[in-house]
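The values are calculated or read from the model by the stated rules, or taken from the named source; none is laboratory data. Since this is a predicted model, take the numbers as computed values, not measurements. Glycine also receives a Cβ, built like all others from the backbone with ideal geometry; neighbour counts cover every protein chain displayed.
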Amino acid sequence: MPITEKDGKFYPDPSFSARAHVKSVEEYREIYRRSLEDPEGFWSEVARELFWYKPPEKILDYNFDTGAGEVFHRWFDGGRTNVCYNAIDRHLGTATRNRAAIIWQGEPDGDSKVLTYQMLHREVCRFANVLKKKGVRRGDRVSLFLPMIWHLPVAMLACARIGAIHSVVFGGFSAEALASRVKETESRVLVTIDHSIRNGRRFELKSIADEALAQCPLVRHVIVVKRTKDPCPWTNGRDTLWDDEMNAPDIGNDCPCEEMEAEDPLFILYTSGSTGKPKGQVHTTGGYMVYTYLTTKWIFDLQPETLYWCNADIGWVTGHSYIVYGPLVNGTTSFLYEGTPLYPRPDRPWELVERYRINVVYTAPTAIRALMRQGDDWPAKWDLSSLRLLGTVGEPINPEAWMWYYRNVGRLSCPIVDTWWQTETGGICISPLPGAWPTKPGSATFPFPGIVPRVADPGIDDPARRGLPMPANATGHLCIERPWPGLSRTIFGDHDRWVSTYFSQYPGMYFTGDGCFVDGEGYHFLQGRVDDVINVSGHRVSTAEVESALVLHEAVAEAAAAGMPHDLKGQGIYVFVTLKIGYEPSEALKKQLSDHVRKEIGAIASPDKLQFAPGLPKTSSGKIMRRILRKIAENKVDELGDVSTLEDAEVIKTLVSGKEKM
Ligand code: ATP
Ligand code: MG
């Protein structure tokens, strides 16, 4: 199904559109119009596709205006449901019963497991009974410190089944980061693993958990999955094995679902921490379920035969919404991979696509850039003809990386959905519907039904214009004017922080913290965080723009830009550049890269300082932590702030010493 390219736009093949859930721009416009004119009618119809013990009475109630009382929004009030029921039990009376719910592939090739919906039901019920035996009750928090193994979705769904609130902590975190999350959520039960396996190495998660638990006296029970045969530290009376618990004679195969109120919390999840202290977002039962259900179905265009692979980590919201809840509530098959893209070789993802005949791949720009850096030969070796659709999330995708993905992975035949959203938003808010919209590289295109974005004027030039929509092609602050079911309800334990972070800047609107512009045709282009904008002699230059220009250069694998103090310009541009394999740093290349940016964007964006860096500081979810680069650029390395979610702290040392040598 080739894609037609015209005027810089990529049109889906008519045969793709003919089968898609939303088939044309006209159809999208009609649905979108309806979602705004009658949001309650629109969302209640979607909700009716799912199972409710008691149907909702009031679809929406809200106030987003800090001047008009408490800021809140509530969805599907009066309704009672259970997300686990919808993700599993709902399918058991249908042909989906025998479909694979989860196909898990371990990093070592020999390790794999398939769970049909029926099999998943049994595992989840049994684990729910284990949790109950440990005293977990409706409303209690349970922390899950696990890597990408199938036990993690089982544990999440078991919590949802009995109304417990899960808090998944990314398996790459330190003891400190784990301890603060376990303490804050007051969990009494922790589920973890002996060792996790990543890039052929073992990580002693149980030791990290023990170190964290030394600070968490509330935790009485630790359930440990055994991934390896090696011993791990053990505390008798507190620690038990997953398998022993599951096989105990008093654990039954059935566990009834709790009838949850629509607004009861489903889980707590902390944001990536790119910009500051992570915020524990609280997502609820009804709204989150309905929103992830519909976004997954339409954006990934799920079909009865779809094998869908989202390679995010379940420790991040992408994994919650688009590995676990969205796909399973839809009854689709979710492929779960334990390892990372470059190990054991940089064609691991493509090998898996060929082997399993995967239809949808959803990943992050950071992974695409890492694969791109290794060269085109790796994907070329494999039969990728099963692919129908590609997706990206997490950061603005540079047009260069978009094109590489489109050519070398999609083979000019797969629509790409560039999906913009946040931990807070619960699900995707801006994205193409792949059968409808022609795409533009680097644009997340159009809002999902029910989402009303506004690129608000920050009012810098004219304070009277603050909050008003920006004209076409001018970058402003992305806000969302109305509530939608997936938006978080609060920050756990700190509602004031939720209100002040998201609702105090632009009265009546949700403030995303991201910069954005809309082009003359209505396409949205995300520009990175607003606090990453660099002000050069009064001109606002977006970090994303500078980085995209740099990545266009054949030698550059990845780039990050940050502001630095500058005597004349106010702020200057400091860039960090990682080179592609086969290129060496040199003064000549530096000059070439500066000229290249000048040519692509203009003299105003030409870097004042350029540092070659073997690696960039990233969050464990793969995002560049520009606030750290900013501190390095500003010479304030003793003020780095919270670095608990940093993937590799060594990178900072390398950058600082690299800077000193310059
Ligand atoms: P914190 O809020 O703790 O600083 P974070 O914002 O990185 O961390 P997430 O909720 O995981 O935590 O990430 C959401 C952010 O990721 C968005 O606000 C945006 O900056 C970026 N993002 C996500 N998807 C896209 C996309 N498709 N295009 C551009 N940016 C994106
Ligand atoms: Mg954020």
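Quick notes on this one:
- Complete set of residues in the stretch 516-544 that are among the acidic types (Asp, Glu) and surrounded by fewer than 23 Cβ atoms within 10 Å (Cβ to Cβ): Asp519, Glu521, Asp531
- Residue match in the stretch 329-338 (condition: touching a strand residue (DSSP E or B) at 6+ places or on another chain (Cβ under 7 Å), small (Gly, Ala, Ser) and away from ligand 1 (no atom under 16 Å from the Cβ)): yes
- Residue that is farthest from the chain's Cα centre (by Cα) [pool: residues in the stretch 203-254 that are within 20 Å of Ile149 (Cα to Cα) and aromatic (Phe, Trp, Tyr)]: Trp242
- Residue pairs meeting the criteria (Cβ under 6 Å; at least 6 apart or on separate chains; first on the phi < 0 side of the Ramachandran plot and of a type in the set (Gly, Ala, Ser), in the stretch 273-286; second more than 13 Å from ligand 2 (Cβ to nearest atom) and in a loop (DSSP other than H, G, I, E, B)): Gly280/Phe492; Gly286/Gly79; Gly286/Ala262
- Options Ala549, Ala472: the member that is at pLDDT 95 or above, more than 19 Å from Val393 (Cβ to Cβ) and among the hydrophobic types (A, V, I, L, M, F, W, C): Ala472
- Residues located in the stretch 581-606, provided they are of a type in the set (A, V, I, L, M) and not in a helix (DSSP H, G or I): Ile581, Ile601
- Test result for Ala562, more than 16 Å from ligand 1 (Cβ to nearest atom) and either hydroxyl-bearing (Ser, Thr, Tyr) or under 25 Å from the mean Cα position of the chain (by Cα) (or both): no
- Annotation note: of Gly572, Gly563, the sole residue that is within 21 Å of Met662 (Cα to Cα), touching a His at 6+ places or on another chain (Cβ under 7 Å) and surrounded by 19 or more Cβ atoms within 10 Å (Cβ to Cβ) is Gly572.
- Extreme residue, farthest from ligand 2 (Cβ to nearest atom), among residues of the stretch 529-571 that are in contact (Cβ under 8 Å) with a residue 60 or more places away in the chain, assigned to a helix (DSSP H, G or I) and of a type in the set (A, V, I, L, M): Leu552
- At least 2 residues being touching a strand residue (DSSP E or B) at 6+ places or on another chain (Cβ under 6 Å) and closer than 16 Å to Thr332 by Cβ is the threshold, and among the strands (runs of 3 or more DSSP E) wholly inside the stretch 53-140 those reaching it are 100-105, 112-116.
- Of the residues making up the stretch 414-432, at least one is within 16 Å of ligand 2 (Cβ to nearest atom) and of a type in the set (D, E, K, R).
- When Gly78, Gly110, Gly106, Gly93 are checked against the criterion of being surrounded by fewer than 20 Cβ atoms within 10 Å (Cβ to Cβ) and under 30 Å from Arg238 (Cβ atoms), Gly106 stands alone in meeting it.
- Top-ranked residue of the stretch 585-633 - restricted to ones that are surrounded by 16 or more Cβ atoms within 10 Å (Cβ to Cβ) and of a type in the set (Lys, Arg), ranked as farthest from ligand 2 (Cβ to nearest atom): Lys590
- Residue under evaluation His283, criteria (1) within 16 Å of ligand 1 (Cβ to nearest atom); (2) not in a strand (DSSP E or B), criterion not met: (2)
- In the stretch 192-207, residue farthest from Arg348 (Cα to Cα) [restricted to those that are without any contact (Cβ under 8 Å) to a residue 40 or more places away in the chain and touching a helix residue (DSSP H, G or I) at 6+ places or on another chain (Cβ under 8 Å)]: Asp194
- Which numbered condition Phe525 misses (of (1) out of contact with any Phe, Trp or Tyr (no Cβ under 7 Å at 6 or more places or on another chain); (2) away from ligand 2 (no atom under 16 Å from the Cβ)): (1)
- Count - residues of the stretch 515-525 that are under 12 Å from Pro453 (Cα atoms) and either free of Cβ contacts under 8 Å to residues at least 40 places away in the same chain or out of contact with any Lys or Arg (no Cβ under 9 Å at 6 or more places or on another chain) (or both): 5
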